[in-house]
Amino acid sequence: MARREKVMRMSVEQPLWRALTAYRVLTMLYAIGLFVAAYSAFARPWLAIGYYALLAAWTLATVPKVSGAASCTKRFLAVDLGVALTGILLTPVAVEHWRVVEGGPTLPSIWTAGSVLAFAIKGGWRWAAFASLLVGVANVVQRGAFSRDTVHNVLLVCIASIAIGYVVEVARASERTLARALEIEAATRERERLARDIHDSVLQVLAMVQRRGTAIGGEAAELGRMAGEQEVALRTLVAGGLIPTSYASEDVSQGAVVRLVEEPDAPEAPGGDDATGAASCDLRLLLAPFAGSQVTLSEPGAAVPLAARAARELTAAVGAALDNVRKHAGADARAWILVEDEPDAVVVTVRDDGPGIPEGRLAQAEGEGRLGVALSIRGRLRDIGGTAELISVPGQGTEVELRVPRTARDARGKAESER
């Protein structure tokens, strides 16, 4: 039985959390070792002992907190940075003044960098810059003045943490992209498998019903016609899909997660927005339902993005043109829809093999109050800044060319916003 991966998780940042856990424990031991080696330089060793007891207990108790992004909460980061800043500010009180002047290490020493790195891995370079700034201010305060050593150490921590934060952000973006690509690849393989099965069974049966029904005639011919329409619709669905599967990514404790999301009523095109900032949709998806046994739809291989309202109005105009074909050319007339994606406009041509329209018939129909072409087609296109041209030669069918510029927008919505 074929399987499909619905959700995939990956994490390139997890090794960073494991490294940070080890770093915090090792630097805690290093800070305590510095205290033991320089015990005589402490004016108030009992204060340092109390702080190191707190530091050791906090570091060991919070090992699970730095095991991943989910457990490393904002509250934990704030308290962790507070522990580091407290140790820095207690240094002038706990050690002899000469040690501070000579630029000796602070009570937490390089353990402080682990707290800043937690900010970087959790929130990226902006969080790292914020934590580094606080650590830098605390170092200047405990030293009592700017010095070369202090500036050097602060800049080193700041640059390293910001760089790591930026790398983490890039890694997360890469995870989301890769996860989305893998999910789409899995969905594509599944669709190809289903397409093979459908082609070998359902489509062949529908095609056979259409042929046999047409040959028998009568009520069977109508059944064959319906089977032919369903075959075309199903073939269109298998080939490209009427509604494309959409995916969204989000970060969890172990990296990016890809999940299926529902499309809105107007499916968005890959571009998302058009040049005017309005939401856009793929025109092909709106025109696909028109395809049938007597209507052939020809479209580009790529998406045809167009402003959402313009796409809906254009689709309605195409529907009106097809209604005219059925009404005036007969139920057996064939129609062809051609979609052209030009750099500055989208052009949709609807052509039929009917008897055509006699010269002057449209003007006569408008005079009689029948405004199907004038309102349903030309009026719709005019409202969105497009044009509609109708070419008809008696005995050679009718062709309607609908052109919508890329900058098409909702004219009525624009007018209302200017009031």
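The values are calculated or read from the model by the stated rules, or taken from the named source; none is laboratory data. This structure is a prediction, so every number in the text was calculated from the model and none was measured. Using ideal geometry, Cβ is built from the backbone for each residue, glycine included, and neighbour counts are taken over all protein chains shown. Remember, those area values only see protein heavy atoms, side chains included, never the ligands or the DNA or RNA. Shrake-Rupley method; radii C 1.70, N 1.55, O 1.52, S 1.80 Å.
Exactly one residue among THR214, THR177, THR150 is farther than 19 Å from TRP125 by Cβ, among the polar types (S, T, N, Q), in contact (Cβ under 8 Å) with a residue 24 or more places away in the chain and in a helix (DSSP H, G or I), and that residue is THR150. Of these, LEU107, LEU85, which one is among the hydrophobic types (A, V, I, L, M, F, W, C), touching a residue at least 40 places away in the same chain (Cβ under 8 Å) and not in a loop (DSSP other than H, G, I, E, B)? When all the criteria are applied, what remains is LEU85.
Counting just the residues of region 183-229 that are open to solvent by 70 Å² or more (accessible area, probe 1.4 Å) and acidic (Asp, Glu), which one comes out farthest from ALA333 (Cα to Cα)? Among those that are open to solvent by 70 Å² or more (accessible area, probe 1.4 Å) and acidic (Asp, Glu), it is GLU185.
When each of ALA120, ALA131, ALA113 is tested for being out of contact with any Pro (no Cβ under 8 Å at 6 or more places or on another chain) and either farther than 30 Å from ALA41 by Cα or open to solvent by 70 Å² or more (accessible area, probe 1.4 Å) (or both), the lone residue that passes is ALA120. Residues that are open to solvent by less than 70 Å² (accessible area, probe 1.4 Å) and in contact with a Gly (Cβ under 7 Å, 6 or more places away or on another chain) were ranked within region 338-374; the one that is modelled with the lowest pLDDT is GLY356. Considered as a group, the residues in region 43-57 that are surrounded by 15 or more Cβ atoms within 10 Å (Cβ to Cβ) and without any contact (Cβ under 8 Å) to a residue 40 or more places away in the chain include one that is nearest to MET28 (Cα to Cα), and that residue is ALA56. Residues in region 82-110 that are out of contact with any Lys or Arg (no Cβ under 9 Å at 6 or more places or on another chain) and open to solvent by less than 10 Å² (accessible area, probe 1.4 Å): ALA84, GLY87, ILE88, LEU107, PRO108.
Within region 322-337, if we keep just the residues that are open to solvent by 80 Å² or more (accessible area, probe 1.4 Å) and in contact with a strand residue (DSSP E or B) (Cβ under 9 Å, 6 or more places away or on another chain), the residue that is modelled with the highest pLDDT turns out to be ARG326.
Looking only at residues of region 263-278 that are open to solvent by less than 50 Å² (accessible area, probe 1.4 Å) and not in a loop (DSSP other than H, G, I, E, B), we find that the one that is modelled with the highest pLDDT is GLY272.
A single member of TRP58, TRP98 is under 24 Å from SER132 (Cα atoms) and aromatic (Phe, Trp, Tyr), and it is TRP58.
Of all the criteria given as (1) at pLDDT below 70; (2) in a helix (DSSP H, G or I), the one not satisfied by LEU260 is (2).
A single member of SER40, SER67 is within 21 Å of LEU117 (Cβ to Cβ) and surrounded by fewer than 18 Cβ atoms within 10 Å (Cβ to Cβ), and it is SER67. Scan region 38-45 and tell me whether some residue there is at positive phi and either at pLDDT below 90 or not in a helix (DSSP H, G or I) (or both). No.
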